[in-house]
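Only the coordinates and a few stated rules stand behind these numbers; no lab work does. These numbers were taken from a predicted model, which means no experiment stands behind them. Counting neighbours? That spans all protein chains shown, and the Cβs are built from the backbone with ideal geometry, glycine included.
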């Protein structure tokens, strides 16, 4: 369990550092965090650790998203939505964190920056920030994850 909490706090902390280095959204709170498991063993470990802490609110082919009964304290605010992602060779990072911003303004400012990738899903879009000096990514969605899932935080 401590490994899970420490990994989540590390990912949010490093994602916050990345966000603050390359954007002006330093006060943007964390909405959602994801652990990218690099092995089946880690996926099982983190999944077993998080199950008693909350309930599954999203089931995707890449893993489950959990709504935690009690928030985890992070450098960017309390966190209740966490995804444990199955191993995927496309993602060598440790994970990412999603931050709430004025997305329209944020997108207008950063969309042309090569450090950002526009990712479009069925129900939302986001800008994903990555940099080779960081082992995490930072994401900025047009709809907060809680709203997309219909959850009141």
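With contacts defined as alpha carbon pairs under 8 Å and 6 or more residues apart, what's the relative contact order of the chain in percent? Don't skip to the end; give the middle numbers.
On the way: 293 pairs, mean separation 41.5, N = 153.
The normalised contact order for the chain reaches 27 percent.
Going by average Cβ neighbours within 10 Å, how do the peptides 111-117, 90-96 rank, with the highest at the top?
Details: 111-117: 12.6, 90-96: 16.6.
In descending order of packing, they fall as 90-96, 111-117.
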Relative packing of peptides 23-30, 9-16 - highest average C-beta neighbours within 10 Å first: 9-16, 23-30
Overall form of the range 79-149 per C-alpha gyration tensor (a/c, 1.5; a/b vs b/c): oblate
Estimated [θ] at 222 nm from DSSP helical runs (n ≥ 4, -39500 (n - 2.57)) normalised by residues in the chain, nearest 500: -9000 deg cm²/dmol
Three-way shape label, the range 1-86, alpha-carbon gyration tensor, a/c 1.5: prolate
Calculated FRET value between residue 118 and residue 86, using beta carbons and R₀ = 25 Å, to 0.05: 0.55
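Which of the peptides 98-109, 72-83 is most tightly packed, and how do the rest follow, judged by the mean count of other Cβ atoms within 10 Å per residue?
72-83, 98-109
How long is the gain from residue 131 to residue 104 if the chain were fully straight, where each residue apart is worth 0.36 nm and the alpha carbon distance is subtracted? Provide the component values of the computation, followed by the final result.
Numbers: separation 27, 0.36 × 27 = 9.72 nm, distance 2.24 nm.
Roughly 7.5 nm would be gained on extension.
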Cα-only Debye scattering, the chain: base-10 log of I(q)/I(0) at q = 0.13, 0.17, 0.18 Å⁻¹: -0.54, -0.96, -1.08
Fewest-first sequence of 17, 44 by Cβ atoms within 10 Å of each Cβ: 44, 17
DSSP beta bridge pairing in the range 2-149, given as percent antiparallel to the nearest 5: 75 percent
Inter-centroid distance (Cα atoms) of the range 106-123 relative to the range 1-23, Å: 21 Å
